[in-house]
Amino acid sequence: MQRIFSVFILMCCYVLTACAQTVNTSNPVSLKLPAGFTATVVADKLGRARHIAVNSNGDVYVKLERLKDGKGIIRLRDTNGDGVADEQFAFGNYGGTGIAISNGYLYASSDNDVFRYKFNAKNEIENADAPERIVKDLLNKRQHASKSITLDGKGFIYVNIGAPSNACQEQDRTAGSPGQMPCPILATAGGIWQFKIDKLDQTYGDGVRYATGLRNVVGLDWNTTANELYVTQHGRDQLNTLHPALFNDAQNAELPAEEFFIAKKGMDFGWPYCYYDGIQKKKVQSPEYGGDGKKEGDCGTKEQPLVAFPAHWGPNALLFYNGDKFGTKYKNGAFIAFHGSWNRAPLKQGGFNVVFVPMKDGKPNGDYEIFADDFAGGEENLTPSKAKHRPCGLAMGADGSIYISDDQGGTVWKIVYTGK
Amino acid sequence: MNKFLLIGSITVASVLMSFTITQPNLPASMQRGKKVYDTYCLTCHQMDGAGVPRMNPPLIKTTYVLGDKKKLINIILKGFNESVEINGDYFDNPMPAQPQLTDVQIADVLTYVRNSFGNRASMVTVVEVKTERTKLKKK
């Protein structure tokens, strides 16, 4: 009996240490930031924290991809001003990615629909359990299904509808399968759609296909200086495995570039027919459409990127910084959160960081630099499954700080400038 | 306690023995299987078989990898694109069919997967692959 008891105690210890270890491993890593910046963990272990939005009173709204305790949105409130959330309130019965605040409303998306909630004068949501559905029945075929959103403040909301495909082949991601001509996906996906903010139950017929030829945009933001929409596209995968005669592993790891665009009404960015080669610095034809890595075809007529980033990094959020607290260098520049790559394998993965692009008058004004790094938690964790955190959302607070969310560890950080 | 331990280790030993006796070609098949994996599977399921969260599932101790071999063979022959839970999660990418792989390549790669990344399970044989492929052709 005693023996069994001691075994029992031993087992308990084992279980306890195992639990303690899991807690340890999901503890936030210390981020690498430029001198003068500090990061505070606002909250962690929230689940799949995708995009975030900050209200004028400092409340942070986090959209969860998968429900946590039956809820898909978490409001974080810091009541004593130490940067750490001490109150959480959860609502919304759908998972998803998109969330934004504009003119007294909170907007949030599932992978099919877009909803909105009204704030009252005290910055509390009036209809947490009964939002208005403003957009419904958007294409959701699992792949690239997240519906990122942003607003122009002038009555319109912009919704990304990602292509449920890699390169519009007849058989997706299948070696030897030809590209469909024309690509039928572009009628209902592979672009940005514009809807009104105040009309219920809009769907394809009610909206405008605002920009097309975008494989999958997860990061998008309205730039108030340029008064235009900007987006970041996830470039195609698998040039090497689908076309081994044309591309080797090393080439695939660097092709195609992830692209940062200005997206004006009516623009076409070329997917699936073209991709951007960041080494040749031009758009070339996709091999599914007759390309060989060099042929340009009519790809020169497609919109070119403002900035080309390393392949497969996965730009999941875009934020224009129009605050004053970071100094002139950062004013009106763009932050881009990179989720971290998988398709660079078997070569070393990359991304898992937040990049800054200096900008002036809506145009890049200097080279991009890595602003926040080491979300993965060390070189040994530089893979999508091992990374402790994967940056996914960005937002600016009314106090000029920025927030970064992560859908792997479920952490939200607040970044402030304390230097001089 | 000791008795249980003894019986336990005898069972384990005999299972291991039967494993090596009935699987004489395991090392060779594993070696060939790794090459197939690196070329046709690694990009999605990754070097360590851990996959990509929410996109491509892990191949570590899943019911598919360790379970019914017929089903497993068919995943390679027909591809896989269903909203199913795998190790507690859902994965959004489609897996392409890879019927262009030979029976030997499929047997080798599945044997490799079933005995790598912490997995341990019986080999998949060329005859088993052939049988499933023939069934598909008849349909």
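The values are calculated or read from the model by the stated rules, or taken from the named source; none is laboratory data. Note that this is a predicted model, so its numbers are computed, not measured. No Cβ is skipped: glycine too gets one built from the backbone with ideal geometry, and neighbour counts run over all protein chains shown.
Filtering region A:98-112 to residues that are surrounded by fewer than 22 Cβ atoms within 10 Å (Cβ to Cβ) and under 20 Å from A:G70 (Cα atoms) leaves A:D111, A:N112. Residues of region B:30-49 that are polar (S, T, N, Q) and more than 9 Å from every other protein chain (Cβ to nearest Cβ): B:Q31 alone.
Please go through region A:245-260 and pick out each residue that is touching a helix residue (DSSP H, G or I) at 6+ places or on another chain (Cβ under 8 Å) and part of a loop (DSSP other than H, G, I, E, B).
If we filter region A:245-260 for residues that are touching a helix residue (DSSP H, G or I) at 6+ places or on another chain (Cβ under 8 Å), which is where we start, we get A:246-249, A:251-252, A:255-256.
Within region A:245-260, A:L246, A:F247, A:N248, A:L255, A:P256 meet the criteria.
It is to be established whether one or more residues within region A:249-257 are more than 20 Å from A:V218 (Cβ to Cβ) and either among the polar types (S, T, N, Q) or touching a Ser or Thr at 6+ places or on another chain (Cβ under 8 Å) (or both). Checked against the condition, which is being more than 20 Å from A:V218 (Cβ to Cβ) and either among the polar types (S, T, N, Q) or touching a Ser or Thr at 6+ places or on another chain (Cβ under 8 Å) (or both), region A:249-257 yields at least one hit. For A:A253, the requirement of being under 25 Å from A:S146 (Cβ atoms), small (G, A, S) and within 20 Å of the chain's Cα centre (by Cα) is not met.
Among the residues of region B:51-100 satisfying the criterion of being in a loop (DSSP other than H, G, I, E, B) and under 10 Å from the mean Cα position of the chain (by Cα), which is farthest from the other protein chains (Cβ to nearest Cβ)?
Step one: list which residues in region B:51-100 are in a loop (DSSP other than H, G, I, E, B), which gives B:51, B:53-55, B:57-62, B:67-68, B:79, B:81-84, B:87-88, B:91-94, B:96-100.
If we keep only those that are under 10 Å from the mean Cα position of the chain (by Cα) too, we end up with B:59-62, B:67-68.
Numbers: B:L59: 11, B:I60: 10, B:K61: 14, B:T62: 14, B:G67: 22, B:D68: 24 Å.
Among those that are in a loop (DSSP other than H, G, I, E, B) and under 10 Å from the mean Cα position of the chain (by Cα), it is B:D68.
Any idea which residue in region A:124-138 is surrounded by the fewest Cβ atoms within 10 Å (Cβ to Cβ), counting only those that are out of contact with any Phe, Trp or Tyr (no Cβ under 6 Å at 6 or more places or on another chain) and not in a loop (DSSP other than H, G, I, E, B)?
We begin by selecting, within region A:124-138, every residue out of contact with any Phe, Trp or Tyr (no Cβ under 6 Å at 6 or more places or on another chain); these are A:124, A:126, A:129-130, A:132, A:134, A:136-138.
Subsequent filtering for residues that are not in a loop (DSSP other than H, G, I, E, B) retains A:132, A:134.
Numbers: A:E132: 17, A:I134: 23.
Per the stated criteria, the residue is A:E132.
Wholly within region A:369-420, which strands (runs of 3 or more DSSP E) include no fewer than the required count, namely at least 1 residues that are under 16 Å from A:A53 (Cβ atoms), at pLDDT below 95 and more than 14 Å from every other protein chain (Cβ to nearest Cβ)?
The strands (runs of 3 or more DSSP E) meeting that bar number zero.
Please count how many residues of region A:310-327 are within 30 Å of A:Q251 (Cβ to Cβ), out of contact with any helix residue (DSSP H, G or I) (no Cβ under 6 Å at 6 or more places or on another chain) and not in a strand (DSSP E or B). Outline the logic, then answer.
Residues of region A:310-327 within 30 Å of A:Q251 (Cβ to Cβ): A:310-318.
Still in the running and out of contact with any helix residue (DSSP H, G or I) (no Cβ under 6 Å at 6 or more places or on another chain): A:310, A:312-318.
Cutting the leftovers down to not in a strand (DSSP E or B) gives us A:310, A:312-314.
The total comes to 4.
Residue-wise test of (1) within 14 Å of chain B (Cβ to nearest Cβ); (2) touching a strand residue (DSSP E or B) at 6+ places or on another chain (Cβ under 7 Å); (3) within 23 Å of B:T43 (Cβ to Cβ); (4) not small (G, A, S).
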| site | (1), (2), (3), (4) |
| --- | --- |
| A:W193 | no, yes, no, yes |
| A:Y204 | no, no, no, yes |
| A:Y210 | no, yes, no, yes |
| A:G213 | no, yes, no, no |
| A:N223 | no, yes, no, yes |
| A:D237 | yes, no, yes, yes |
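From the residues in region A:337-368 that are closer than 19 Å to A:W222 by Cα and among the small types (G, A, S), which one is farthest from the other protein chains (Cβ to nearest Cβ)? Among residues in region A:337-368 that are closer than 19 Å to A:W222 by Cα and among the small types (G, A, S), the one farthest from the other protein chains (Cβ to nearest Cβ) is A:G362.
Could you please give the count of residues in region A:67-83 that are of a type in the set (A, V, I, L, M, F, W, C) and over 21 Å from A:A39 (Cβ atoms)? Show your work before the answer.
Filtering region A:67-83 down to residues of a type in the set (A, V, I, L, M, F, W, C) leaves A:67, A:73-74, A:76.
Going one step further and asking which of them are over 21 Å from A:A39 (Cβ atoms), we end up with A:67, A:73.
Counting residues in region A:67-83 that are of a type in the set (A, V, I, L, M, F, W, C) and over 21 Å from A:A39 (Cβ atoms) gives 2.
Tally up the residues in region A:45-71 that are over 18 Å from A:V114 (Cα atoms) and of a type in the set (G, A, S), please. So the count comes out to 4.
Report yes if some residue within region A:74-91 is of a type outside the set (G, A, S), part of a loop (DSSP other than H, G, I, E, B) and crowded, with 21+ Cβ neighbours inside 10 Å; otherwise report no. Don't jump to the end; show me each part of the working.
Of region A:74-91, the ones of a type outside the set (G, A, S) are A:74-80, A:82, A:84, A:86-89, A:91.
Still in the running and part of a loop (DSSP other than H, G, I, E, B): A:78-80, A:82, A:84, A:86.
This time we only want the ones that are crowded, with 21+ Cβ neighbours inside 10 Å, so: none.
No, region A:74-91 contains no residue that is of a type outside the set (G, A, S), part of a loop (DSSP other than H, G, I, E, B) and crowded, with 21+ Cβ neighbours inside 10 Å.
Would you mind stating whether A:K154 is surrounded by fewer than 24 Cβ atoms within 10 Å (Cβ to Cβ), over 21 Å from the mean Cα position of the chain (by Cα) and touching a residue at least 24 places away in the same chain (Cβ under 8 Å)? Don't jump to the end; show me each part of the working.
Values: surrounded by fewer than 24 Cβ atoms within 10 Å (Cβ to Cβ): yes; over 21 Å from the mean Cα position of the chain (by Cα): yes; touching a residue at least 24 places away in the same chain (Cβ under 8 Å): no.
Against the criterion (surrounded by fewer than 24 Cβ atoms within 10 Å (Cβ to Cβ), over 21 Å from the mean Cα position of the chain (by Cα) and touching a residue at least 24 places away in the same chain (Cβ under 8 Å)), A:K154 does not qualify.
The set of residues in region A:180-227 that are surrounded by fewer than 21 Cβ atoms within 10 Å (Cβ to Cβ) and part of a helix (DSSP H, G or I) comprises A:P184, A:L186, A:A187, A:Y204, A:G205, A:D206.
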